[in-house]
Amino acid sequence: MRPDASSRQLRNIVILLVAVAIGVFAFKVLALGFPLRVKPGAESWDVEAKIVLAARGQPVKVVLRLPSDSAAFVVHDEAFISHNFGLTINTSGGNRQALWSVRKASGQQILYYRAVVRQLPIAASRREPAPSVPEQPGFSEAKLAAAQSLIKAAQARSADLETFVPQLLRRLHDRQDGRARVLLGSNPTARKRADIAARLLTLAGHPTAIVHGLLLKQQERDAAPVEWLRVQDGKGWQWFNARSGAMGQPRNFLPWWSGADPLVTVSGAGRVKTSLALIRTEETALGGATERGRRIAPRLFALSLFSLPIDMQLVYRVILVVPIGVFVLVLLRNLVGLKTFGTFMPVLIALAFRQTELVWGLVLFSVLVALGLLARFYLERLKLLLVPRLAAVLIIVVLLMAAMSVVSHLWGLPQGLSVALFPMVILTMTIERMSIVWEERGAGEAIQEGAGSLAAASLAYLVMNLPWLQHLVFVFPELLLLVLAAVMLMGRYSGYRLSELYRFKALSKDGR
Amino acid sequence: MFVSGWRRLREAGVLGINRRNAEFTLPYNPRRLLPLVDDKLLTKRLAEKAGIPVPELYAMVEIEHQVRDLHEVLSPHPDFVIKPARGSGGDGIVVITGRSRGMYRKVNGALLRRDQIEHHVSNILGGIFSLGGYPDKALMEYRVEFDPVFEAISYQGVPDIRIIVFLGVPVMAMVRLPSSASDGKANLHQGAIGAGIDMASGRTLTAVWRNEVITEHPDTGNPVSDVLIPHWPRMLEIAARCHDMTGLGYQGVDLVLDRGRGPMMLEINARPGLNIQIANRAGLLPRLRRVQEHHHLLPDLESRIAFCRAEFGVSR
């Protein structure tokens with residue numbers, strides 16, 4: 001008979017799907033060493049550079065040096081926010097740099113650079129490549145004598161490089177020392193001191209590069225770059241603190257750019273203010289895995305989602321958890337028997353919750369639907385035809401969203417701004433359906449169904465937001481075949497729903 | 001507690017919604033046949049052709065423009081029922097019992113202005129009540145004057161009789177009695193009373209109101225059990241013939257009993273609800289399995305009805 005044949009077919013498809021999913025998954029884990037979960041200890045920071053400048057109606061060019069991957073850090077999720085500037089990214093003097101340019105700009109301009117830097121576990125760190133250093137220290141005749149004298153004095157008091165560098169820096173920072181004054185001039189900046197120190201060391205036979213970077217803390221709004229020196233000692237490159245001369249590099253030092261150039265150079269505008277901010281973020285699992293994947297298996301990496309540009313990866317991070325949310329919904333509807341408005345509406349609401357956070361999402365959604373319902377009940381009295389009425393509700397929803405964003409901004413509640421992320425068409429249909437159920441079956445049923453939808457959305461959100469689950473489906477998209485198989489099996493589930501145990505309770509009592 | 005609740009339902013033979021869909025409506029109701037019952041106008045035409053009595057159609061509104069002519073068309077009829085052609089679950093049905101001062105009187109006595117009626121019809125055309133929100137037609141038809149046997153046990157509105165027919169064999173039936181809580185509607189989830197019917201004798205069994213077992217009508221106080229449904233054999237025959245008419249294997253046939261015209265078929269449901277099991281305090285599954293085992297031995301209408309009355313009677 002037909003049902004039997006189709007059952008067999010279904011069983012075969014399910015077996016095939018499960019086999020393929022497990023096979024690919026096992027191959028990637030066992031043979032290629034894809035990480036099942038992110039190793040604990042990896043830490044990440046959001047860093048931001050903000051450049052404020054006053055343009056004077058002329059062509060403006062802004063160069064911002066950018067951090068690159070280094071031994072202990074990986075830079076990703078870079079974003080450049082620049083209103084109407086053109087952006088190119090190139091490499092110059094061993095630094096990556098962003099070049100913003102605009103033909104004509106006036107007034108205050110703000111440029112942002114944002115990135116996530118991830119600290120790799122010590123085990124995963126690799127050797128730092130040799131820096132590029134200038135061959136010649138480039139001192140003028142007059143300064144050369146002062147420099148050589150300073151070096152000689154420091155060498156006399158030191159045994160090796162580790163002791164020589166602090167000696168040299170102490171003399172250079174000594175304001176009473178005439179030689180230092182000749183070299184540094186008056187009021188030297190930290191960058192200038194580091195530059196002179198590097199040139200002195202180069203002159204002394206130890207080619208040296210300056211590395212500017214940030215000491216990563218929990219968070220800092222106006223972080224000042226600090227300088228480290230990388231000094232060649234014949235065997236390799238040693239790190240020295242450019243201020244104290246202490247050898248070694250702290251683990252929380254994020255190298256940003258190298259060389260004598262400043263972080264930002266601007267032409268065509270005045271009053272430039274640059275600030276760096278950083279905040280430690282929760283490890284989002286995926287980013288670390290992405291980078292590790294790139295390091296561990298470059299060939300396979302090219303065939304995976306990791307090879308996509310960061311912004312597309314971000315899109316897929318969201319898209320790939322949607323099947324999980326849908327699966328939750330299938331369970332809730334066919335196994336539990338929860339009533340919701342619309343089949344997949346709760347999943348879309350759950351996606352919006354990702355931006356708003358759960359509690360705020362629930363509050364915003366409820367307020368929006370409640371206000372929308374009020375408007376809808378009023379429209380009912382005007383006796384409008386269906387499609388214009390739906391359109392009217394949609395417009396009211398949009399206006400309500402805008403109003404709620406503005407009000408919550410005024411009240412200083414940034415979470416309220418994210419109300420804009422709710423899918424407005426879905427909201428409109430929810431309001432319409434709810435008002436009809438309200439009128440036809442009463443408020444109780446309407447609220448019950450609304451609450452059911454929110455409960456489903458919350459559960460879908462909680463499941464979709466499990467970090468390990470997000471990690472698994474993004475690193476192993478083949479696992480979605482398992483979800484597909486499970487959903488197909490649920491399509492043949494003919495047992496009772498949990499709600500039916502309650503619904504038919506009267507029957508089971510007399511069921512003997 | 002879970003497991004035991006589950007097992008007791010199984011033992012009672014209760015049909016759950018998943019099983020109804022997976023084992024009955026999906027395999028036995030081919031999708032191409034569903035339009036026949038989803039559109040009440042099609043069903044009505046089909047029934048008329050098959051000689052099955054249905055309420056007479058007074059008027060039909062298909063386009064917005066016709067809404068204003070409605071009052072004119074309906075003027076010869078003192079009472080009528082407005083319903084969406086593709087409505088489900090009784091939504092969108094308005095019963096007009098008469099007119100007063102240029103307004104229409106609903107079953108509960110409330111008056112509707114002409115523009116309120118027009119708005120309701122417009123809503124129907126817009127597809128508010130139709131499955132999937134598709135544009136719909138509004139039907140105006142004969143209002144059934146229900147048989148006096150139900151007068152004592154229903155509160156406004158028309159009681160109707162739902163018979164589940166599987167492969168042409170009526171398997172379970174109930175009578176739905178409107179109550180004050182259901183606003184004259186005969187839907188259990190809207191607060192109507194459901195009373196199971198003994199398939200052999202046509203007498204009502206116990207009744208259920210909002211998941212409670214009751215023996216008297218909550219509004220009228222009259223007993224709802226052991227009431228003989230008049231014309232019961234004729235109703236079984238109509239229900240069984242609806243299978244031949246639509247070709248649907250698993251369907252719920254809704255009938256009403258008119259004072260003068262006898263039993264009439266109102267509509268057919270291709271996904272009939274499961275509350276009928278509560279009203280009968282019996283599960284559907286054992287009966288459906290009996291039919292699955294025997295239906296090849298039941299070639300004609302008479303044998304199917306005989307099988308039904310012999311197998312699914314309660315009193316022996």
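At a glance:
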item: Qualifying residues in the stretch A:437-475 (those that are aromatic (Phe, Trp, Tyr) and buried (at least 19 other Cβ atoms within 10 Å of the Cβ)) - the one nearest to residue A:315 (Cα to Cα); result: A:474
item: Sole exception among (1) in contact with a strand residue (DSSP E or B) (Cβ under 7 Å, 6 or more places away or on another chain); (2) within 18 Å of residue A:72 (Cβ to Cβ) for residue A:236, by number; result: (1)
item: Residue tally, condition surrounded by fewer than 21 Cβ atoms within 10 Å (Cβ to Cβ) and part of a strand (DSSP E or B), over the stretch A:228-253; result: 7
item: Some residue of the stretch A:407-416 being at positive phi, away from chain B (no Cβ under 14 Å), surrounded by fewer than 19 Cβ atoms within 10 Å (Cβ to Cβ) and under 37 Å from the mean Cα position of the chain (by Cα); result: yes
item: Pair list, Cβ under 8 Å, 6 or more apart: the stretch A:1-30 residue touching a residue at least 12 places away in the same chain (Cβ under 8 Å), other residue among the β-branched types (Val, Ile, Thr); result: A:28/A:475
item: Selected residue (criterion: surrounded by the fewest Cβ atoms within 10 Å (Cβ to Cβ)) from residues of the stretch B:143-169 that are more than 30 Å from residue B:310 (Cα to Cα) and touching a strand residue (DSSP E or B) at 6+ places or on another chain (Cβ under 7 Å); result: B:145
item: Positions within the stretch A:469-501 being within 14 Å of chain B (Cβ to nearest Cβ) and not in a helix (DSSP H, G or I), in sequence order; result: A:491, A:492, A:493, A:494, A:495, A:496, A:497
item: Residue A:462, sole failed condition from (1) away from chain B (no Cβ under 14 Å); (2) in contact with a helix residue (DSSP H, G or I) (Cβ under 6 Å, 6 or more places away or on another chain); result: (2)
item: Options B:302, B:267: the member that is assigned to a helix (DSSP H, G or I) and either away from chain A (no Cβ under 14 Å) or of a type in the set (Lys, Arg) (or both); result: B:302
item: Set A:117, A:63, A:52, A:102: member being modelled with pLDDT of 80 or more and under 21 Å from the mean Cα position of the chain (by Cα); result: A:117
item: Residues satisfying the stated conditions in the stretch A:421-442, i.e. in a helix (DSSP H, G or I) and either at pLDDT below 75 or of a type outside the set (A, V, I, L, M, F, W, C) (or both); result: A:421, A:428, A:430, A:432, A:433, A:435, A:439, A:440, A:441
item: Strands (runs of 3 or more DSSP E) (entirely within the stretch B:150-202) containing at least 2 residues that are outside the structural domain of residue B:223 (by TED's automatic domain parsing); result: none
item: Test: residue in the stretch A:177-193 that is polar (S, T, N, Q) and outside any loop (DSSP other than H, G, I, E, B); result: no
item: Helices (runs of 4 or more DSSP H) wholly inside the stretch B:1-114 that include at least 2 residues being within 14 Å of chain A (Cβ to nearest Cβ) and buried (at least 16 other Cβ atoms within 10 Å of the Cβ); result: B:2-11
item: Failed item in (1) touching a strand residue (DSSP E or B) at 6+ places or on another chain (Cβ under 6 Å); (2) within 13 Å of another protein chain (Cβ to nearest Cβ), with residue B:122 passing the rest; result: (1)
item: Residue check for residue A:205: part of a loop (DSSP other than H, G, I, E, B), over 41 Å from the mean Cα position of the chain (by Cα) and touching a residue at least 40 places away in the same chain (Cβ under 8 Å); result: no
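Yes/no matrix, rows are residues, columns are (1) among the polar types (S, T, N, Q); (2) touching a Pro at 6+ places or on another chain (Cβ under 9 Å); (3) part of a helix (DSSP H, G or I):
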site	(1), (2), (3)
B:208	no, no, no
B:220	yes, no, no
B:233	no, no, yes
B:239	no, yes, yes
B:255	no, yes, no
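The values are calculated or read from the model by the stated rules, or taken from the named source; none is laboratory data. Please read all numbers here as calculations on a predicted model, not as lab measurements. Backbone-built Cβ (ideal geometry, glycine too); neighbour counts: all protein chains shown.
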